[in-house]
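Worksheet for the structure shown next.
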């Protein structure tokens, strides 16, 4: 095992984690938000009521009158900025390399990423087909125009950076930080899943359906990706599954409360959060089971094992 064990190297003072988290999210909401802020500002000059129109759903940029694919680019840009800032700061601030955050070694396991992506895509496609068969009136064809080509390109090329940032921060950086404090795996799993859920508390789905309705779903996502990370001893497989999930939703299905508004192929008219929670639970169990067979994970007891610094690990304040 390398991923969480490698957290004992480098500089692990609490203030360093605080500085990192504050810096990357500040960069996201300042530098990363500039294209969107400039666009909103220019539109507000000609239409003073623009801010009021957007207040209903800040994730929906259609009131700005810009191309939906450009809107998606502007929504993803903050994640690219945050990821770049993290990469720049991790060595001087924590004395670790990016790959130590990813899996504790020096190599990115590409096969884990792509296999996990494929498994998640297949399971998601089956779920969508079943949903269309069971309740066809809840879906309508939304877009089969040439704009789909650009949407696919943007989703395939940029969504992985968005999800890579989230996985690096939560299942990589923060999970390692909690591992240093707790000296086990289950507390980092629970804590990062809770934080992952809370950070999505500003999503439009929360406003529509309520905090306590949506939090279990976000928490479940965090637990699924966290379990995959621990069992696979690195975040590549979780990155692949997460990227496949978000890209699939961007391309295949949208709804009026989606966090990433796109001209997807289908539109879902009514969302049933608790039904989707149950479906996601079964999907998560299925994906983890398939990946266990493919990657030959030995045992689930690893989730509850203690961890300790390895001989030769050097910790600095």
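The values are calculated or read from the model by the stated rules, or taken from the named source; none is laboratory data. Since the model is a prediction, treat every value here as computed from it, not as a measurement. Don't worry about glycine lacking a Cβ; one is built from the backbone with ideal geometry, like all the others, and counts go over all protein chains shown.
Remarks
- Among the residues listed as 227, 199, the single one being over 19 Å from residue 278 (Cα atoms), out of contact with any strand residue (DSSP E or B) (no Cβ under 9 Å at 6 or more places or on another chain) and not in a loop (DSSP other than H, G, I, E, B): 199
- Total residues in region 17-59, condition in a helix (DSSP H, G or I) and crowded, with 17+ Cβ neighbours inside 10 Å: 11
- Qualifying residue in region 246-259 (condition: over 27 Å from residue 157 (Cβ atoms) and outside any helix (DSSP H, G or I)): no
- Any chance residue 6 is over 30 Å from residue 308 (Cα atoms) and assigned to a helix (DSSP H, G or I): no
- Just one residue in the set 234, 284 is in contact (Cβ under 8 Å) with a residue 40 or more places away in the chain, surrounded by 15 or more Cβ atoms within 10 Å (Cβ to Cβ) and part of a helix (DSSP H, G or I); that residue is 284.
- Hits in region 191-204 - residues which are touching a helix residue (DSSP H, G or I) at 6+ places or on another chain (Cβ under 7 Å) and at pLDDT 90 or above: 191, 192, 193, 194, 195, 196, 197, 200
- Which listed residue, of 187, 159, is buried (at least 20 other Cβ atoms within 10 Å of the Cβ), touching a helix residue (DSSP H, G or I) at 6+ places or on another chain (Cβ under 8 Å), part of a helix (DSSP H, G or I) and modelled with pLDDT of 95 or more: 159
- Enumeration of residues in region 69-107 that are more than 21 Å from the chain's Cα centre (by Cα) and either part of a helix (DSSP H, G or I) or loosely packed, with under 15 Cβ neighbours inside 10 Å (or both): 91, 92, 93, 94, 106, 107
- Residue in region 123-144 that is more than 23 Å from residue 256 (Cα to Cα) and surrounded by 19 or more Cβ atoms within 10 Å (Cβ to Cβ) present: yes
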